[in-house]
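Asker: Could you have a look at this structure, given as structure tokens, before my questions?
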């Protein structure tokens, strides 16, 4: 999963994908049902990585 996300988000800094996936996985460590953890981790990681690559909203220059 990490490799697939690294390819998809190649524009983000090296190691960022692995860091996000690790954090997402850790957030689910205490959950009793383990069957869907990989799917949930990938979904959460994609959402966070997509948000990180979004450019800041455009702000028009102030005209005096």
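Asker: In region 43-54, which residue that is touching a residue at least 24 places away in the same chain (Cβ under 8 Å) and within 12 Å of residue 1 (Cα to Cα) is surrounded by the fewest Cβ atoms within 10 Å (Cβ to Cβ)?
Answerer: Only one residue fits best here, namely 46.
Yes or no, residue by residue, for (1) touching a helix residue (DSSP H, G or I) at 6+ places or on another chain (Cβ under 8 Å); (2) at pLDDT 90 or above; (3) on the phi < 0 side of the Ramachandran plot:
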site	(1), (2), (3)
13	no, no, yes
21	yes, yes, yes
24	yes, yes, yes
30	no, no, yes
33	no, no, yes
37	yes, no, yes
42	yes, yes, yes
55	no, no, yes
62	no, no, yes
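Asker: Kindly provide the set of residues from region 20-42 that are loosely packed, with under 12 Cβ neighbours inside 10 Å and in a helix (DSSP H, G or I), ordered by number. Lay out the reasoning, then the answer.
Answerer: Initially, region 20-42 is screened for residues loosely packed, with under 12 Cβ neighbours inside 10 Å, giving 26, 29-36, 39.
If the condition is that a residue be loosely packed, with under 12 Cβ neighbours inside 10 Å and in a helix (DSSP H, G or I), then 26, 39 are the ones that fit.
The values are calculated or read from the model by the stated rules, or taken from the named source; none is laboratory data. Computed from a predicted model, the values in this text were never measured in an experiment. Cβ coordinates were reconstructed from backbone atoms using ideal geometry, including for glycine residues, and neighbour counts include every protein chain displayed.
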